[in-house]
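A.B. asks: Before we start, here is the structure in question, set down as structure tokens.
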Amino acid sequence: MGVTGATGPVMDRDEVDRALARLGAEHEAIETSLLALQDHAGRRLLEGAELTGTTKERWTSAEASITLLWAYFDAYSDTLRSAREIRSRRRWSSREDLVELTELLRGECVTVAGSTTATANAPTLHGTGRLSQAFSLAALVERMNELYATSLDMVVTADAVWSALPARIDLLAAELQRTRQLAHSVGVRPGEHPAGDDLERITRTLTTLRERVISDPLAFWLPAQGSSAPGGGRPDTTVYDREARALEDVRREIDAVLTVRQDAEARLVKLRDVLSRADRTLAEARSARGEVLAKIAASEVPAVSGPPTALQEQLSTAAEYRRHAQWHRLSPLLESLEAKAEDELMRARESLTAVTQPLAVRAELRGRLDAYKAKVARHGLAEDPLLIERYDAARRMLWSAPCDLRVAEQAVLRYQQAAAEFFGGPRVPGQAGPSDRRGDY
């Protein structure tokens, strides 16, 4: 190009159009990411939580960064809008238009006022003494990427801890409560038996641990070494694991007491627990069956039987035998009941697995569809009309209720086949490839 300007060679019309197309796609991707961050469950939880410690400090910074991200995005949007307006003035842009467009698209023409940045806790202009700062569009995108990555890392990390630890602590606390009740029934009490004192200590530790996890989740995060991905790492379960082991030790101690003092009662308690789990599993299977029938079409869902009432009646008989010290009758009945109860639990689990199989198939198809969509995007084919149409058709089937799995699977296979032909790879098994891009869909 023979024409030059303040930012170097002036772009021609084709270069301007390509740049505007690229920036438009970039703008859409940034907006999608910001909206996803805005709607992230972890961010909503952080906004409403009473935070302390490290989490409070980092959330203050992340919240300011998110606010700043939107300010940057608005400035980016305004600049892109201005460039589009200039380009749309006339079909064949004049030299003056091209100079102005070159300045907008390549120069440092995006100005962010200090009133926005200087008050934010995110790393910005604060401390520089400057009232404003000018960015090029490329530099602004780089800056937004940095702020987005740090904000997303904080949100994802807190959400991961909250999703993992409190629920596990609650389950352990429930197990602790059952153990306390069992311990009390055999005379294992605080001040009278070491296991009773251990139960009190575990109770206090779990209560404190849960409060700390809720208010400062980042204090319980172990970052992955060498990982730069948002949320790279895992929750720190050291304290939880220690207390879980301690509770298991107490449970073994109580079992030893039960073995010595009341073996029969221990076996009855275990039987009640197994039958209760079988009953809950069957109830879950019945509930899941209704969900499957509502969400999955043309699927044969097996019926779920009722609770094992006969075994419950035999269990009541066994308790009566123990109460009246009829050990010669109780022993064979307990042996028979233990075998039947385990079989009943296995049958209940198998029933739940069989009932939920259609949901698992649908989940697998959804995952496969999204994986191929990501692959298509990596190959730069996200805008291909055929692929878009086949993806939308498969997605509508998989995310609608009731979902016909057979039809949905064929739709996913057609999308895979079309994508595979673009990639130049082997044909997807189980699906006849179309003879041209106008094949059935």
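The values are calculated or read from the model by the stated rules, or taken from the named source; none is laboratory data. Quick caveat, the model's predicted, so the values are computed rather than measured. Glycine gets a Cβ as well: all are built from the backbone with ideal geometry, and neighbour counts include every protein chain shown. Heads up: the accessible areas ignore ligands, DNA and RNA and are worked out on the full protein's heavy atoms, side chains in. Shrake-Rupley method; radii C 1.70, N 1.55, O 1.52, S 1.80 Å.
A.B. asks: Only one of Ala325, Ala374 is open to solvent by 40 Å² or more (accessible area, probe 1.4 Å), modelled with pLDDT of 85 or more and more than 30 Å from Ala303 (Cα to Cα); which?
C.D. replies: Details: Ala325 fails: modelled with pLDDT of 85 or more.
From the options Ala325, Ala374, the qualifying one is Ala374.
A.B. asks: Additional query: Give me the helices (runs of 4 or more DSSP H) completely within the stretch 307-411, filtered to those with at least 1 residues that are farther than 30 Å from Asp263 by Cβ, ordered by residue number. Spell out how you get there, then give the answer.
C.D. replies: On the way: elements: 309-323, 327-378, 385-398.
The qualifying helices (runs of 4 or more DSSP H) are 327-378, 385-398.
A.B. asks: One residue is enough: does the stretch 388-398 have a residue meeting the conditions in contact with a Ser or Thr (Cβ under 9 Å, 6 or more places away or on another chain) and among the hydrophobic types (A, V, I, L, M, F, W, C)?
C.D. replies: The answer is no; no qualifying residue exists.
A.B. asks: Is at least one residue of the stretch 73-92 of a type outside the set (Val, Ile, Thr), without any contact (Cβ under 8 Å) to a residue 12 or more places away in the chain, assigned to a helix (DSSP H, G or I) and under 20 Å from Thr157 (Cβ atoms)?
C.D. replies: Looking through the stretch 73-92, none of the residues is of a type outside the set (Val, Ile, Thr), without any contact (Cβ under 8 Å) to a residue 12 or more places away in the chain, assigned to a helix (DSSP H, G or I) and under 20 Å from Thr157 (Cβ atoms).
A.B. asks: Check whether at least one residue in the stretch 240-252 is of a type in the set (Ser, Thr, Tyr), over 29 Å from the mean Cα position of the chain (by Cα), open to solvent by less than 70 Å² (accessible area, probe 1.4 Å) and modelled with pLDDT of 90 or more, and report yes or no. First the steps, then the outcome.
C.D. replies: Step one: list which residues in the stretch 240-252 are of a type in the set (Ser, Thr, Tyr), which gives 240.
Cutting the leftovers down to over 29 Å from the mean Cα position of the chain (by Cα) gives us none.
Within the stretch 240-252, none of the residues are of a type in the set (Ser, Thr, Tyr), over 29 Å from the mean Cα position of the chain (by Cα), open to solvent by less than 70 Å² (accessible area, probe 1.4 Å) and modelled with pLDDT of 90 or more.
A.B. asks: Hey, among Thr55, Thr32, which residue is open to solvent by 30 Å² or more (accessible area, probe 1.4 Å) and either modelled with pLDDT under 85 or of a type outside the set (A, V, I, L, M) (or both)?
C.D. replies: Details: Thr55 fails: open to solvent by 30 Å² or more (accessible area, probe 1.4 Å).
From the options Thr55, Thr32, the qualifying one is Thr32.
A.B. asks: Among the residues of the stretch 129-185, write down those that are within 26 Å of the chain's Cα centre (by Cα), closer than 28 Å to Leu23 by Cα and open to solvent by less than 70 Å² (accessible area, probe 1.4 Å).
C.D. replies: Met144, Leu147, Tyr148, Ala149, Ser151, Leu152, Asp153, Met154, Val155, Val156 - these are the residues of the stretch 129-185 that are within 26 Å of the chain's Cα centre (by Cα), closer than 28 Å to Leu23 by Cα and open to solvent by less than 70 Å² (accessible area, probe 1.4 Å).
A.B. asks: Using beta carbons and a limit of 7 Å, which pairs, at least six apart or on different chains, have the first residue in the stretch 275-294 and part of a helix (DSSP H, G or I) and at pLDDT below 80 and the second one open to solvent by 70 Å² or more (accessible area, probe 1.4 Å) and not basic (Lys, Arg)?
C.D. replies: The qualifying pairs are Ala294/Ala401; Ala294/Pro402.
A.B. asks: Now for a different question. Which residue pairs have Cβ atoms closer than 9 Å, lie 6 or more positions apart in sequence or on different chains, and pair a first residue in the stretch 325-346 that is within 13 Å of Leu268 (Cα to Cα) and among the hydroxyl-bearing types (Ser, Thr, Tyr) with a second residue that is at pLDDT 85 or above and open to solvent by less than 90 Å² (accessible area, probe 1.4 Å)?
C.D. replies: Ser336/Gln314
A.B. asks: Within the stretch 90-97, does at least one residue satisfy the condition of being acidic (Asp, Glu), crowded, with 17+ Cβ neighbours inside 10 Å and at pLDDT 75 or above?
C.D. replies: So far as the stretch 90-97 goes, no, none of its residues is acidic (Asp, Glu), crowded, with 17+ Cβ neighbours inside 10 Å and at pLDDT 75 or above.
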